[in-house]
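Right, one structure below, let's go through it.
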Amino acid sequence: MKTLRLLALGTMLVVAGGCAGSSRSALKQEGDKGGALYSETARGGITPEGFADLTVTASIKTHRLRPSLVPDSHGSANYTLLVSIDGQPVAVPGEARLEKRDAAPFADPEAGKGVRYLFAKTLRLQAGTHNVKVSLPQDSVGIAHDITLASGSANLLVLEPVYAPVAGKQRPGFYGATSYKEGISRIRTALNGERL
């Protein structure tokens, strides 16, 4: 079972790597047809009529880089977030820093030594409805939502990791405990403060 999961993860990394590498050429081709689906922009400022800004942010903790027979980008500069707008992908590299958080009185899923990644990317899109997909290929998790963005609006899409259950910790007081060391089981999202 573990071998199958590793094979599936490897396949997803190869596919995601190919998508991430082709995003610039896809944008160029779309631009040649009369305008790109999105452009990267700085956060803040005035959004022109007919367009909407979408800022995607996430704060995710992973284990530190460690020796492994299987390629593992957790804890390295290669750990990325992949965003796709209407089928056009863009890779979002994270700003990484070492972090040690002391354990709280209650089970804290981010307690311990690890690497904190801060992801942020602002994209300018045409106003209207778009299919947005966000994934962490290294963790085999992702989400997809259709969102509608008003003309001239600035929007914030916040991604929150839900860490996997801790193996062997199902005892009274810690039932359902999760930890970043176990990986990410899914992603929760909120657009402009409302849960999707």
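The values are calculated or read from the model by the stated rules, or taken from the named source; none is laboratory data. From a predicted model like this one, the values you see are computed outputs, not experimental measurements. Cβ sites come from the backbone with ideal geometry, for glycine too, and all protein chains shown count toward neighbours. Side chains included, ligands, DNA and RNA excluded: accessible areas come from the protein's heavy atoms. Shrake-Rupley method; radii C 1.70, N 1.55, O 1.52, S 1.80 Å.
Show the residue pairs meeting these rules: Cβ distance below 6 Å; 6+ apart or different chains; first residue within segment 58-69 and on the phi < 0 side of the Ramachandran plot; second residue open to solvent by 50 Å² or more (accessible area, probe 1.4 Å) and modelled with pLDDT of 70 or more.
SER59/LEU118; HIS63/LYS181
Which of the residues belonging to segment 144-154 are exposed (fewer than 15 other Cβ atoms within 10 Å of the Cβ) and in contact (Cβ under 8 Å) with a residue 24 or more places away in the chain?
Keep residues of segment 144-154 that are exposed (fewer than 15 other Cβ atoms within 10 Å of the Cβ), which gives 144-146, 148, 150-153.
Of everything in segment 144-154, those that are exposed (fewer than 15 other Cβ atoms within 10 Å of the Cβ) and in contact (Cβ under 8 Å) with a residue 24 or more places away in the chain turn out to be HIS145, ALA150, SER151, GLY152, SER153.
Which one of ALA77, ALA96 is open to solvent by 20 Å² or more (accessible area, probe 1.4 Å) and either among the basic types (Lys, Arg) or outside any strand (DSSP E or B) (or both)?
ALA77
Taking SER151 and the conditions (1) closer than 26 Å to HIS74 by Cα; (2) of a type outside the set (Val, Ile, Thr); (3) modelled with pLDDT of 90 or more; (4) outside any strand (DSSP E or B), which numbered condition does it fall short on, given that it satisfies the others?
Only one criterion in (1) closer than 26 Å to HIS74 by Cα; (2) of a type outside the set (Val, Ile, Thr); (3) modelled with pLDDT of 90 or more; (4) outside any strand (DSSP E or B) is unmet by SER151, namely (1).
Could you please tell me which pairs satisfy a Cβ distance under 6 Å, a separation of 6+ or placement on different chains, a first residue in segment 77-100 that is among the aliphatic types (A, V, I, L, M), and a second residue that is open to solvent by 30 Å² or more (accessible area, probe 1.4 Å)?
Short answer, once both residue conditions are applied: LEU82/ALA91; LEU82/SER135; ILE85/LEU37; ALA91/ALA20; ALA91/THR80; VAL92/LYS121.
Return the total of residues in segment 93-138 being among the hydrophobic types (A, V, I, L, M, F, W, C) and over 29 Å from ALA154 (Cβ atoms). I'd like the intermediate steps shown before the answer.
Of the residues in segment 93-138, the ones among the hydrophobic types (A, V, I, L, M, F, W, C) are 96, 98, 103-104, 106-107, 111, 115, 118-120, 123, 125, 127, 132, 134, 136.
Those still in the list that are over 29 Å from ALA154 (Cβ atoms) too: 98, 103-104, 106-107, 111, 115.
Number satisfying all stated conditions: 7.
I need the full set of residues from segment 32-64 which are in contact with a Ser or Thr (Cβ under 8 Å, 6 or more places away or on another chain) and modelled with pLDDT under 70, in order please.
Result: ALA42, single match.
Out of segment 112-142, which residues are over 17 Å from the mean Cα position of the chain (by Cα) and either over 13 Å from ILE60 (Cα atoms) or surrounded by fewer than 17 Cβ atoms within 10 Å (Cβ to Cβ) (or both)? Lay out the reasoning, then the answer.
Taking segment 112-142 and keeping what is over 17 Å from the mean Cα position of the chain (by Cα), we get 112-114, 124-130.
Matches in segment 112-142: GLY112, LYS113, ARG124, LEU125, GLN126, ALA127, GLY128, THR129, HIS130.
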